[in-house]
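The values are calculated or read from the model by the stated rules, or taken from the named source; none is laboratory data. What you see is a predicted model; the values in this text were computed from it and never measured. Cβ sites come from the backbone with ideal geometry, for glycine too, and all protein chains shown count toward neighbours.
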Amino acid sequence: MASAFAHKRCVITGNGGTSYAYLGRPWGPFGRVVFAYTFMDGCIRHVGWNNWGKTENERSACFYEYRCFGPGSCPSKRVTWARELVDEEADQFLQHRFIDPDPGRPWLAQRMALRIPYSA
């Protein structure tokens, strides 16, 4: 079973005109975070990610972006251990089965249906 934070179609904004925030940092080894189709305001630092002072986590952390945009989205200036996904790679993180992998026991869909109107 996969585990990660997958942020899809989000908006990241902040206060002030300077870059001061990171997209994430590996709390421990093997952290995985994906931002897809996300607007990133100028508050995001161009390097994007921080190793939290643990260079060994750079070898195992998987920090990805996919088709993000905005002044804080700077794939060419990101840290070398994070990267932009291509279509085939991104698909595994963007499908419903990533967060609700067992169709026989759908936990997310049931909870969402109780709160989100069909027209949303």
| said: Condition first: surrounded by 15 or more Cβ atoms within 10 Å (Cβ to Cβ), charged (D, E, K, R) and either in a loop (DSSP other than H, G, I, E, B) or in contact (Cβ under 8 Å) with a residue 40 or more places away in the chain (or both). Now tell me which residues in the stretch 9-53 satisfy that. | reply: 25, 41, 45
| field | In the stretch 54-72, the residues that are closer than 23 Å to residue 16 by Cβ and without any contact (Cβ under 8 Å) to a residue 60 or more places away in the chain | value | 65, 68, 69, 70, 71
| query | Could you list, in sequence order, the residues of the stretch 67-79 that are of a type outside the set (A, V, I, L, M) and surrounded by fewer than 21 Cβ atoms within 10 Å (Cβ to Cβ)? | reply | 67, 69, 70, 71, 74, 75, 76, 77, 78
| task | List every residue pair whose Cβ atoms sit under 7 Å apart, with the two residues 6 or more apart in sequence or on different chains, where the first one lies in the stretch 73-84 and is hydroxyl-bearing (Ser, Thr, Tyr) and the second, anywhere, is buried (at least 17 other Cβ atoms within 10 Å of the Cβ). | result | 73/40
| request: Kindly indicate the residue of the stretch 86-109 that is within 13 Å of residue 6 (Cα to Cα) and assigned to a loop (DSSP other than H, G, I, E, B) and also modelled with the highest pLDDT among those meeting that condition. | output: 95
| request: Check whether at least one residue in the stretch 1-16 is closer than 16 Å to residue 80 by Cβ and within 11 Å of the chain's Cα centre (by Cα), and report yes or no. | output: no
